Structure formats: structure tokens, C-alpha cells
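Everything below concerns the one structure shown next.
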Amino acid sequence: ATLHRLDDQWLLFRHGRAYDRLPHQIPFRAQMAALKEVGVRSLLSTGYVGVISDALPLHQPVLVSDVVMPTGLLPDGTACSMFAEGGGYLVVEDSLVSEALSKQVRTIATLIGQPLPVDELEVEHVAGPRGRTQAEARRLERAGVQAVSMTLVPELVLANELGISVAAVVMGYRTLAERLTNEEVDRRLAQARDRLEGLGAAFLAHGRPVEPVNTLQRYGRDT
């Protein structure tokens, strides 16, 4: 993992600076271990999501309130854990997302003139690297899923295991019912990037670490 430093702040591009890693090629464990090694205590994760409901806003940053990971597996088929061979069990008190850190992000967004919507979003992890079929999109909608991501959720799980508190801001760039050309996807992502980058830069300048709420229990030889 390559980290970019700004004073005591760190920036990580999960897909690589040139966006050259597909979701199944992201070294999730190595990236989170690198953040822990340099002393990161709180993390703002950002990303783009596909939204299920037409009622949810597109092209607008939204705070994530919680996440769902049905399989609990990374794209390589191993457990989504820094302790894939056993030895660690994450106790989740309420959510993988830190309420205290999310409040900071909301305040910072208002200060820079880009207030976030009052409503927050739940994001469900889906496998990749491919889009959803129409049948899958209909099943997700019937299940009440609000938005999906192939990359955000593993990052939050692993960061929590390492004692790093997390907030997340995402932007819906498409509904799953839409059929878009590659050119249109690229155009929408470029259109959305400035707002996410602006909020991320403001967080680096003004954000403060908060203590994690969730705890890790250790078992077996790692105890």
C-alpha cells in the first residue's frame, strides 16, 4: 500500500492513484495495516455507490450510518478479518461507523459550504468485479437495500479490528436500473469527484481523532 503524507495526516487511494485496481485486486489487509503502522486513529472513507431506490439522491455526498456484509468474505474468499486464520473477534456495539466522527464530518461539511443531507445511508457489500443483473437489483430492492458497494465495507470492518474509528461519506453515481455506457460512467464519476475530494481535504485539515467504540477480543494462540 502507498500512503501519501500531509503533515500528520495520511491519504490512501484504495484503487491506486491511477485507479488501476479492480475491487478484487485491492489489498485490503495490507492497506489497513499500513494505516495502523503509521499511527492513524480515525479514518474517513469515501467512495461511489450504486443506489437502489430512486428516492435517494444522486451526485450528492451522503454520510453512511451503517453497513451490511452478508457473506463476511473478502473478494479472495477468505474471512474479512485481519485474523483470517482465527484469533480475533470484533464486538460491534451498534455500528461499524463512529457516530462521533460522523458528527465531525457533518460539521466540517457545513463549514465549507457543502452541508450533508440530514438522512444517512446504509450500504450493503456486494461481490465484484461486475455490475448487478436486473434480477439481482430487484431482489436487493425487495430486501430494502438502499445502496451497494464492492469496496467500502471491507475497509470499515478491518479498520475497526485494528482500533481505528471510521466515518464514511459516499456519493450515488447511478441507480442499478440504469444502463450506462463506459463513457457516461466516467463522466459521472469525474463530475462527483470534486465534491468528495473537497470534503476529504477539509477533513484532513480540521478533523480530530476519536476513540473507537467497538472492541476486538483475542482468542487462541494470539491471546
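Overview of results
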item: Failed criterion for L101 (all others in (1) touching a Gly at 6+ places or on another chain (Cβ under 9 Å); (2) of a type outside the set (K, R); (3) within 30 Å of A177 (Cα to Cα); (4) open to solvent by less than 40 Å² (accessible area, probe 1.4 Å) hold); result: (3)
item: Members of segment 160-209 that are modelled with pLDDT of 85 or more, in a helix (DSSP H, G or I), within 25 Å of L96 (Cβ to Cβ) and charged (D, E, K, R); result: E161, E197
item: Members of segment 50-87 found to be buried (at least 18 other Cβ atoms within 10 Å of the Cβ), in contact with an Asp or Glu (Cβ under 6 Å, 6 or more places away or on another chain) and more than 15 Å from Q146 (Cβ to Cβ), listed by number; result: M82
item: Residues located in segment 1-49, provided they are crowded, with 16+ Cβ neighbours inside 10 Å and among the polar types (S, T, N, Q); result: Q31, S42, S45, T46
item: Residues located in segment 165-204, provided they are open to solvent by 50 Å² or more (accessible area, probe 1.4 Å) and either in contact with a strand residue (DSSP E or B) (Cβ under 8 Å, 6 or more places away or on another chain) or not small (G, A, S) (or both); result: R179, T181, N182, E183, D186, R187, Q191, R193, D194, R195, E197
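The values are calculated or read from the model by the stated rules, or taken from the named source; none is laboratory data. Bear in mind the structure is a predicted one, so any value in this text is a computation, not a measurement. Glycine also receives a Cβ, built like all others from the backbone with ideal geometry; neighbour counts cover every protein chain displayed. SASA here: full protein model, heavy atoms, side chains in, ligands and nucleic acids out. Shrake-Rupley method; radii C 1.70, N 1.55, O 1.52, S 1.80 Å.
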